[in-house]
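Working notes, beginning with the structure itself.
No lab work stands behind these numbers, since they all come straight from the coordinates. Please read all numbers here as calculations on a predicted model, not as lab measurements. Here the Cβ is made from the backbone with ideal geometry for all residues, glycine too, and neighbour counts use every protein chain on show.
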Amino acid sequence: MNKFDLKNKTAIITGGAQGFGLDIAKKFLDSGAKVIIWDIDKNQLKKTIKILSNKNLSSFIVDVTNFKNVDKVVKKIIKNSKIDILVNSAGITGPTTQLWNYKIKDWKNILEINLNGTFYCCKSIVPYMIKNKYGRIVNIASVSGKDGNANASAYSSSKAGVLALTKSLGKELAKFNIAVNAITPAGAKTRILNQMTKKHVRQMLSKVPRGRFLELNELSSMVCWLSSEENSFSTAAVFDISGGRSTY
């Protein structure tokens, strides 16, 4: 595996106690970064801190759907540290059902976490990156944000929104040496699959020409490069990692 240089960089990873976020945290720590993981799952957060046991790792219990909570924690961090990298990884899939059967509360909850949560974190952190004239933001979207998944209209819509947010914000911040990019992974074997029906998971896998799920280290390696100084030109872009499912 390639080694990435993230020394002297401080990264915030939302949803960092599990799934994509956890593997990205491991990769960042191996690359020399100071990592601050945010998660709403208090018990899982404690387990993760204990398992990783790294002096460069710290954590906060954060509800990304609550802007006041997000902003309060950011202000605490800024008192003692800079923020160089933000990875928006917190997300849920929600129920798998037809749009007309979707409960309004479920629809709103999915968009609040996946899309508005990304907005809230960027809104709070970006001003500090502008002040420092440096930053790397990586938004974990989904291939469903490009293609749209049947029986997952809320999830697909939320991730399509993340892609549009990424493109807009990337253009707004380009002159400040702040890169904003999104990644569109296909399905991976994380806890998020437990939220879906087995039939839906099989349908997802059938669309991938590679014939397998995404490995976590494959995604975290891409995030590492996008979060590094080496990524000095790409911004407002969408990077596909779907095993050939989506080729645009």
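Side notes on the structure shown:
- Those trypsin sites (Lys or Arg not before Pro) in the stretch 78-143 that DSSP places in a loop and that have at most 14 other beta carbons within 10 Å: K103, K133
- For the stretch 10-241, relative contact order (Cα pairs under 8 Å, six or more residues apart, normalised by length) works out to 21 percent.
- Burial ranking of peptide ranges 89-99, 41-51 (average Cβ count within 10 Å, highest at the top): 89-99, 41-51
- A simple spin-label model places pseudo-atoms 7 Å from Cα toward Cβ; at N66 and E215 they are separated by 3.9 nm.
- Treating r as the C-beta distance of F176 and W225 and R0 as 25 Å, the FRET efficiency rounds to 0.80.
- Computed over the stretch 10-241, Kirkwood Rh from alpha-carbon pairs, angstrom: 17.7 Å
- A Förster radius of 25 Å, combined with the Cβ-Cβ distance separating K207 from S168, puts the computed FRET efficiency at roughly 0.35.
- Phi-derived couplings, Karplus 6.51 cos²θ - 1.76 cosθ + 1.60 at θ = phi - 60°, listed residue by residue for the stretch 173-183: 9, 4, 6, 9, 6, 10, 9, 10, 9, 10, 10 Hz, with x used for Gly and Pro.
- If R0 is 35 Å, the Cβ-Cβ spacing of K79 and N109 corresponds to a FRET efficiency of close to 0.65.
- Legend: distances between Cα atoms for K108/K207; K34/K131; K27/K207; K47/K82; K46/K167; pairs beyond 30 Å are K46/K167.
- In this structure, the amide hydrogen of N149, modeled 1.01 Å from its nitrogen in the peptide plane, lies closer than 5 angstrom to those of S156, counting only residues at least 5 positions away or on a different chain.
- The stretch 101-151 shape via C-alpha gyration tensor axes, a/c threshold 1.5: oblate
- Helical runs assigned H by DSSP (4 residues or longer) give the chain a calculated mean residue ellipticity at 222 nm of -13500 deg cm²/dmol, each run adding -39500 (n - 2.57) before division by the residue total.
- Alpha-carbon centroids, the stretch 57-90 and the stretch 107-177: separation in whole Å: 16 Å
- Within the chain, longest stretch clear of exposed GluC sites (Glu not before Pro) (DSSP loop, no more than 14 other Cβ within 10 Å): 1-214
- When the stretch 77-173 is reduced to its Cα atoms, the Kirkwood hydrodynamic radius in Å: 14.3 Å
- Projected label points at S53 and Q98, each 7 Å from Cα along the beta carbon direction, are separated by 5.3 nanometres.
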